[in-house]
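Remarks on the structure that follows.
Read the figures in this text as sums done on the coordinates, not as results from a lab. Remember, it's a predicted structure, so these values are computed and weren't measured experimentally. A quick note on method: Cβ atoms are made from the backbone with ideal geometry, for glycine too, and the neighbour counts reach across all protein chains shown.
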Amino acid sequence: MWLKSILFSKRTTEIDKYFIKIFRNYIIYFQTLIRTFEKELEEMLVCHFDPKLKNMKNLLLLLLFPFSVLLSAQTSEEKALENLIETFFNSIFSDLKTERIPEFLTEDFVLFEDGENWNYEKTVQVAHQLKEQFTSEENKKNTFQRINSFQFIHSEIDGNTGWIYYENFADFTMDGASISKMHWLESAVCVKTADGWKIRFLHSSPVKKKTN
């Protein structure tokens, strides 16, 4: 009961968070072990079928199943934050579906973009300008595309608030050929609403190319 109340409580102390982190590390360790054992047992069963080995595998999976379920329940919300970031950039800046902006951003959204402070209205305005630019008559003769990729660094959930840190990569192509590549280091504060997770704050800084 103590562990359940800590893991699923909306208010946790720093000590609680410390113990949660230790517990999660143990679960990850056990999951790594089970994957290793499962792979080795599968190889042994293929080479030499033995019912005892199969029973051993099933018993090990059964013993570690509660830990896997608990970890999955705890990290599913963190995965939702990653999906939110990916879907936001793919929908708005790649597919140019600016009408979907309210699905991803809160009305009090703020963006720190390379030293500039944008509110929700400014962000919507810039998104519409980009859409008009790429769909203009002049550019219709070419096919432009933005291909996004992400390297997620860390995410954390505390009640209805989430934090996520990641690297954002964009490859801009024209008629299939790459013409420009961009790289940003970003962090976001998200809130869980009745409609799901949304971004309330986003901080984006371009990564400078290293010079020798």
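Here are some notes:
- Charge tally in the Cβ shell below 12 Å around SER178, where Lys, Arg are +1 and Asp, Glu are -1, SER178 excluded: 0
- Potential extension, ASN117-MET174 segment - 0.36 nm per residue separation minus Cα distance: 17.5 nm
- Local electrostatic count at LYS97 - Lys and Arg +1, Asp and Glu -1, tallied over other residues with Cβ under 15 Å: -2
- Among the listed pairs LYS97/LYS122; LYS122/LYS209; LYS97/LYS131; LYS181/LYS209, those with a Cα-Cα distance over 18 Å are LYS122/LYS209.
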